[in-house]
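Working notes, beginning with the structure itself.
The values are calculated or read from the model by the stated rules, or taken from the named source; none is laboratory data. Computed from a prediction, not measured in an experiment: that's the story for all the values here. FYI the Cβ positions are ideal-geometry reconstructions off the backbone, even for glycines, and counts take in every protein chain you see. Please note that ligands, DNA and RNA were not included when accessible areas were found on the heavy atoms of the full protein model with its side chains. Shrake-Rupley method; radii C 1.70, N 1.55, O 1.52, S 1.80 Å.
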Amino acid sequence: MSYSLKSFFIRIVQKKLFFTIQKCQAAYSHHAHLQVSAKALAAAHIKFARFFLGVSEFQRALDPLNTALSIRPNYPAALKDRAFAFSNLGLFQQAQADLLAAQALDPFDDEISNALLSLLRSSSS
């Protein structure tokens, strides 16, 4: 995919995801006392981040991941995705810390365990 086509595609998806996040933020601010709204808002930020992860824009994925974690600090999926971004940016200690936190929250998630093992193997070699 050429750079200009990739850039065009990124802008289109960003607009759509940004609109979704705005809708969730409005619902959250209107119904802040409802836990489900916080979950929906954090999930929207995760979707936004996963788009960036999917196009190898790891640095750009960090902001929505951090936002998701500020909304739901104990969110294993956000920690796992942020660890993936950190790992691809060469920030292995931060990746390991996020994977350990995610594993503590969800000890039976094989994907988290496998990612942690893979990270530990690659950092020791």
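So which pairs qualify, if the first residue must be in region 51-65 and on the phi > 0 side of the Ramachandran plot, the second must be open to solvent by 20 Å² or more (accessible area, probe 1.4 Å) and not aliphatic (A, V, I, L, M), the Cβ gap must be under 9 Å, and the two must be at least 6 apart or on different chains?
56/88
Output the qualifying pairs, or none if there are none: Cβ atoms under 7 angstrom, residues six or more apart or on different chains, first residue in region 96-123 and modelled with pLDDT of 95 or more, second residue open to solvent by 40 Å² or more (accessible area, probe 1.4 Å) and part of a helix (DSSP H, G or I).
Listed by first residue and then by second, the contacts come to 98/82.
Give the residues of region 73-124 that are loosely packed, with under 12 Cβ neighbours inside 10 Å and in a helix (DSSP H, G or I), sorted by residue number. Give the derivation first.
Here is the first cut: in region 73-124, the residues loosely packed, with under 12 Cβ neighbours inside 10 Å are 90, 93, 107-108, 110, 114, 117, 121-122, 124.
Within region 73-124, 93, 110, 114, 117, 121, 122, 124 meet the criteria.
Which one of these is over 19 Å from residue 115 (Cβ atoms), of a type outside the set (Val, Ile, Thr) and within 8 Å of the chain's Cα centre (by Cα): 64, 73?
Step by step, each of 64, 73 is checked, and only 64 is over 19 Å from residue 115 (Cβ atoms), of a type outside the set (Val, Ile, Thr) and within 8 Å of the chain's Cα centre (by Cα).
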